[in-house]
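Taking it in order: structure first as structure tokens, then the write-up.
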Amino acid sequence: MGRHGVDSNAGDEFGFSGHRDGDKGHGTAWVLGALVLVALLVAGVILWRTIGTGSGPDCDSREAVSVIADPTMAATIKPLAGTASSDSCYDFTVTAVTGANVAGQLTKGENAPDLWIADSSARARSVTGQARVDDDVVADSVAASPVVVAGKDVPPLQNWVDVMKLPGLRLGNPIDSSTGDAPIVGALAAQQAGAIDQKSFTDAMTLLALQQGNARMAQDSDNHRLTLAATSSEPTVVSEQHFIDYQRLDPDSGLAAAVPADGTVILDFPMLNTASAARKEVVGKAGQELLDVIKSEDGAQAMTTAGFRTSVDAPAPPGGVGDVTVLTLSDPDREAKALRQWAVLGVPIRSLVVEDASGSMAAPAGNSTRADMLVEASENGLRLFPNTTALGSWLFSIDMGGDGQDWLPIAPIERLDAVDDDGQTHREYLQEQLLTLPDRVGGATGLYDTTLAAFKEVQNSYDPNYSNSVILLTDGQNEDPGSISLDELLAELKRLEDPARPVLILTIGITEDADAASLKKIADATGGTSYIARTPADISTVFVDAVAARIEAAGR
């Protein structure tokens with residue numbers, strides 16, 4: 001018999017059809033209900049698994065949280081931040097930012113990063129003060145790494161002054177690098193302990209700054225410097241973590257790491273809440289969520305694997321330098337002062353060097369003559385100046401440059417690394433000209449007219465990107481009867497003084513025959529300094545003292 005219709009209680013959409021009696025209809029309905037219930041239960045299990053195991057807790061909404069950190073720390077934090085995102089209602093994004101660029105990030109207002117993991121507490125204080133943002137600390141330290149000296153043949157080191165004096169030493173810029181700053185902080189700690197005096201500290205920092213002016217690379221990084229250390233005799237200053245990481249990649253580098261006997265600076269990596277005021281509270285909670293993951297067993301393992309210590313007092317990871325004495329400053333402002341002084345050293349020198357070629361320079365001085373002594377000292381001084389220095393050279397006696405002109409220009413003021421058409425650097429040209437001094441000696445001393453002319457030359461060609469000066473070296477006193485007097489010279493220097501174009505005169509008297517009183521008055525008239533040198537070594541020391549005077553003035 002054919003099928004004439006469909007029972008209204010049936011459900012062809014479920015695949016059921018045909019004749020059935022009442023009892024069977026009720027049974028089918030029960031089966032359908034059970035299937036629906038099972039489907040709902042299965043869906044619930046799937047939903048629970050998705051929430052419980054894949055997306056973290058049941059969140060009404062998720063909050064994006066931006067984190068910045070030093071590149072090496074950022075690489076370690078990223079996977080931990082991923083775990084923190086899965087276990088919380090926050091989506092963490094980690095970005096690597098080098099020290100020099102942090103301040104710019106923190107001044108972006110509402111677009112500023114929410115959290116910053118600084119490489120050191122000192123850097124955190126400095127940059128937040130510079131950027132004028134709250135120093136809101138979420139954690140004093142998420143990890144740690146002492147600063148070490150890495151090289152092939154690093155000698156025993158008593159303190160960080162010894163480190164500063166290492167030949168060829170390379171380090172990051174102390175202004176924006178905590179490892180670069182470490183030698184300065186370490187030396188200050190030695191001074192604080194009474195191991196060195198103020199002059200030893202200032203001289204060491206001056207020599208370090210002069211050396212770094214030549215050593216600084218265009219693309220400077222810890223890895224680049226470690227590679228140079230591995231292929232030369234030039235040591236470098238890096239964190240223990242960077243050293244361990246480099247050694248893992250190149251175990252046959254031949255490098256070893258050491259710290260001075262009196263201790264070292266340690267990077268403590270604090271976490272700061274740098275969010276805008278409206279987001280401070282929520283970011284504070286997010287920072288704690290991230291910190292919990294970093295401080296977990298898995299987080300500690302990740303830090304150790306990356307070469308970090310899990311805390312300031314934790315044991316060294318494999319490949320580290322072992323237990324260290326941690327150096328701290330009782331007055332953190334001393335570090336800020338030292339960095340201001342370093343910043344002054346960052347301004348390159350532009351100077352006209354004016355040297356006495358009068359007949360008295362042929363007089364004996366030790367085993368040679370005064371002229372030979374001056375050549376030797378000038379060569380030593382020339383080696384001290386970094387490539388960024390711009391130097392020119394004059395010689396003088398009486399009428400040396402022609403009738404009525406006591407000075408003879410022999411080299412214009414140019415950067416020492418400038419190259420002429422013949423491929424000769426300006427440094428090489430100056431050294432070549434220095435050697436001719438003994439053969440040019442003769443005549444009397446035309447000091448005052450030459451001094452005024454040199455001052456005008458530097459002032460008229462003033463370069464605001466440099467520290468402009470005249471370096472005057474002489475063994476005598478003014479002997480030109482037709483020149484201006486000392487009083488007239490001093491009055492003219494005062495009249496020409498221009499705060500917008502400051503030019504200092506540094507005077508160096510060679511032997512005790514020099515007119516020390518007049519030279520000091522000339523230097524004082526411009527805010528410069530005056531010295532008496534008795535040996536070539538004294539003149540070289542004078543160059544260091546002259547540069548040191550700049551940083552002393554900056555720190556007052």
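Derivation of every value follows stated rules applied to the coordinates shown; laboratory data play no part. Bear in mind the structure is a predicted one, so any value in this text is a computation, not a measurement. Every residue, glycine among them, receives a Cβ derived from its backbone with ideal geometry; neighbour counts consider all protein chains shown.
Values for this structure:
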| item | result |
| --- | --- |
| Tilt relative to the chain, helix 370-384 - C-alpha long axis, 0 to 90 degrees, to 10 | 10 |
| Total formal charge among the other residues, if their Cβ is under 15 angstrom from that of residue 413, Lys/Arg +1 and Asp/Glu -1 | -1 |
| Residue pairs, from the table 456/520; 199/456; 165/199; 494/521; 199/494, whose Cα atoms sit over 21 Å apart | 199/456; 199/494 |
| Amide H contacts of residue 532 (H built 1.01 Å from N, under 5 Å, at least 5 apart or other chain) | 509 |
| Where only alpha carbons of the range 347-554 are counted, the Rg and the Dmax (Å) | 15.7, 46 |
| Cα principal axis extents for the range 150-261, largest first, Å | 41, 30, 22 |
| Reachable lysines from residue 108, criterion Cα separation under 17 angstrom, eight or more residues apart if same chain | 280 |
| Under 15 Å from the Cα of residue 152 - aspartates and glutamates, other chains or at least 8 residues apart | 234, 250, 252 |
| The chain: calculated mean residue ellipticity at 222 nm from DSSP helix runs of at least 4, using -39500 (n - 2.57) | -14000 deg cm²/dmol |
| All-pairs Cα distance distribution in the range 270-345, expressed in whole percent, bin size 5 Å | 3, 12, 13, 12, 13, 17, 18, 9, 2, 0 |
| Diffusion constant of the chain at 20 °C, which comes from Stokes-Einstein with the Kirkwood Cα-pair radius and 1.002 mPa s, µm²/s | 76 |
